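For reference, the structure discussed in these notes is given below.
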Amino acid sequence: MSMHVFGAIVTYHGIAANNRGESEGNITTLQKIIWHGQPHTTVSAEAIRFALRRLIAGDGKNEVNRTWNEDERVNSWKNDSFDPARYIDDDLLGYMTAEGAEEEGEKGTATTRRAVLDVSRAISLVPWCGDVTFNAASIGASSGSKGDNPAPYGTEVHATRYQYGFALTPDRLKKKKRANTAIEKLCALGPVAGNNARFLFDFSPESVVFRITEDPAPRILYIFEQDGNDTVEAPELLRRLDAGDIKADELIVGGRLAGSKTGEKLKKKNVTVEPGVIKAAELVIKKIGE
């Protein structure tokens with residue numbers, strides 16, 4: 001059976017704003033969904049993958065096929081035929097290109113590779129209560145304020161953490177050691193999303209739960225909860241562990257969760273718990289190698 005690596009990440013607390021290029025009137029909006037009956041803000045998996053691709057491309061350690069040209073605002077390709085054996089992004093993140101039929105009645109063609117690294121949509125840990133800030137663009141600003149008065153506009157903001165998950169099967173990679181890069185970069189992710197004015201929100205893990213298993217089901221997605229005292233716990237993780245759906249030796253936990261009530265209970269159940277996210281990631285990479 002194949003070995004699977006799953007992860008549940010909760011980010012640091014920050015203020016999310018201006019995370020997409022859409023607006024309603026003069027209000028710059030956040031993406032929102034109804035989650036457990038209440039409005040929560042959300043960041044797409046595509047935005048997380050885009051930030052991860054930029055991070056991998058920027059370290060100079062791995063050859064990538066696709067890079068983002070900031071000046072021309074387009075993707076630049078080395079090989080539009082793709083080569084997952086050569087390029088880490090083609091291998092980890094997959095690709096698809098479609099071509100229409102040349103003649104009527106014929107079928108079009110598509111070249112695809114499913115991503116080995118799957119990423120879920122990020123959901124805010126607490127509901128959005130409707131916070132909007134008032135702003136005014138200065139006269140002559142590039143935003144379109146060309147008259148004699150400042151141009152007023154509003155921005156939806158949300159003070160929150162985000163949680164999301166990922167799944168990775170190293171055996172599906174052309175080069176299995178690329179799984180190490182995926183783990184390292186997910187634990188070093190910085191700003192994610194944003195349009196012309198990217199807001200600074202730290203998307204690196206404040207806490208992370210890794211699960212290394214032969215079970216093809218993650219069973220650890222969206223396990224984090226936050227109470228009114230800004231304390232993050234994972235009671236559902238404990239429940240699934242007690243139920244036998246997850247085994248203690250499959251888990252490696254790192255970050256702030258280590259010092260929580262959940263972390264203390266996990267230690268008593270012989271789960272590997274580290275106070276640092278990076279140390280936990282190193283243990284995961286070592287276990288993958290073994």
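Out of all the residues in region 60-86, which are within 23 Å of the chain's Cα centre (by Cα), charged (D, E, K, R) and over 19 Å from Lys176 (Cβ atoms)?
Selection gives Arg66, Glu70, Arg73.
Every residue in region 66-79 that is on the phi < 0 side of the Ramachandran plot, exposed (fewer than 11 other Cβ atoms within 10 Å of the Cβ) and not hydrophobic (A, V, I, L, M, F, W, C), please.
Asn69, Glu70, Asp71, Glu72, Ser76
Looking at Ile252, Ile278, Ile246, which is the one that is in contact (Cβ under 8 Å) with a residue 12 or more places away in the chain and assigned to a strand (DSSP E or B)?
The unique qualifying residue is Ile252.
Which is out of contact with any helix residue (DSSP H, G or I) (no Cβ under 6 Å at 6 or more places or on another chain), within 30 Å of Tyr222 (Cα to Cα) and surrounded by fewer than 14 Cβ atoms within 10 Å (Cβ to Cβ), of Gly58, Gly94?
None of the other options fit; the residue is Gly58.
For the list (1) buried (at least 20 other Cβ atoms within 10 Å of the Cβ); (2) in a helix (DSSP H, G or I), I need the number of the one condition that Val273 fails.
(2)
Conditions (1) farther than 30 Å from Gly276 by Cβ; (2) modelled with pLDDT of 90 or more; (3) hydroxyl-bearing (Ser, Thr, Tyr), marked per residue:
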| position | (1), (2), (3) |
| --- | --- |
| Arg20 | yes, no, no |
| Ala47 | no, yes, no |
| Ala51 | no, yes, no |
| Leu55 | no, yes, no |
| Asn75 | yes, no, no |
| Pro84 | yes, yes, no |
| Asp90 | yes, yes, no |
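Restricting attention to region 275-290, and to residues there that are hydrophobic (A, V, I, L, M, F, W, C) and modelled with pLDDT of 95 or more, which single residue is nearest to Ser207 (Cα to Cα)?
Selected residue: Val277.
The values are calculated or read from the model by the stated rules, or taken from the named source; none is laboratory data. Please read these numbers as outputs of a predicted model, since none were measured by experiment. Neighbour counts run over all protein chains shown; Cβ positions are idealised from the backbone, glycine included.
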